[in-house]
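The values are calculated or read from the model by the stated rules, or taken from the named source; none is laboratory data. Computed from a prediction, not measured in an experiment: that's the story for all the values here. No Cβ is skipped: glycine too gets one built from the backbone with ideal geometry, and neighbour counts run over all protein chains shown.
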Amino acid sequence: MAARKLTAEDLRHIQELAKGWGKIIVRQHWGEQGPGLDVDLTQMEDVAMAAVRALLAGTLEFATLQQAGQLGGHQACPDCGRLCPLEPEERSIVVRIGSTFEHQDPKAHCPACRRDFFPSTSALEIGHARLQPVGPEQDRASGGSGEVASSGRPGARHRR
């Protein structure tokens, strides 16, 4: 199924939904009467930004979890095509612009090829999975040394 681009109407709907959550946060944090007269705009903004970061993290955690669930229990090895069982990888903390969230990327091990692969990325390019950098210029995680990052893949991930 091809990815559908978000329309202006989709974005308006999402913004209205989030705006409604803002009202709930105000009631939960300050009560039905809202913030007191001793609360300044900076304090209100701090509460709003904490909510934005948590909403972003929660959205990404749940969306990636649902997406991983669509992969099924087995995936074909990108090299030999053999069906291999998926197993959950340990949780990792993903740092993105504006958010940090927990992510559990499923992985599979192909006993025939003696390699691990990550179907959420390799399924898009069968036969072109990149578990290690092709060259030092593609290895940002190790500063261009050509070594693989601790997660087994190049990228800015930190284990918990």
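Quick notes
- Filter result (in contact with a Pro (Cβ under 8 Å, 6 or more places away or on another chain) and farther than 20 Å from Gly22 by Cβ) within the range 34-74: Ala68, Leu71, Gly73, His74
- Gly34, sole failed condition from (1) over 30 Å from Asp116 (Cβ atoms); (2) part of a helix (DSSP H, G or I); (3) in contact with a Lys or Arg (Cβ under 9 Å, 6 or more places away or on another chain): (2)
Listed here are the residues, each with its yes/no results for (1) exposed (fewer than 10 other Cβ atoms within 10 Å of the Cβ); (2) touching a residue at least 40 places away in the same chain (Cβ under 8 Å); (3) outside the structural domain of His103 (by TED's automatic domain parsing).
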{"site": "Gln15", "(1), (2), (3)": "no, no, yes"}
{"site": "Gly36", "(1), (2), (3)": "yes, no, yes"}
{"site": "Glu61", "(1), (2), (3)": "no, yes, no"}
{"site": "Pro88", "(1), (2), (3)": "no, no, no"}
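- Scan the range 17-34 for residues that are more than 24 Å from Thr59 (Cα to Cα) and either loosely packed, with under 10 Cβ neighbours inside 10 Å or among the aliphatic types (A, V, I, L, M) (or both) and the total you get is 2.
- Extreme residue, surrounded by the most Cβ atoms within 10 Å (Cβ to Cβ), among residues of the range 38-59 that are farther than 30 Å from His109 by Cα and among the polar types (S, T, N, Q): Gln43
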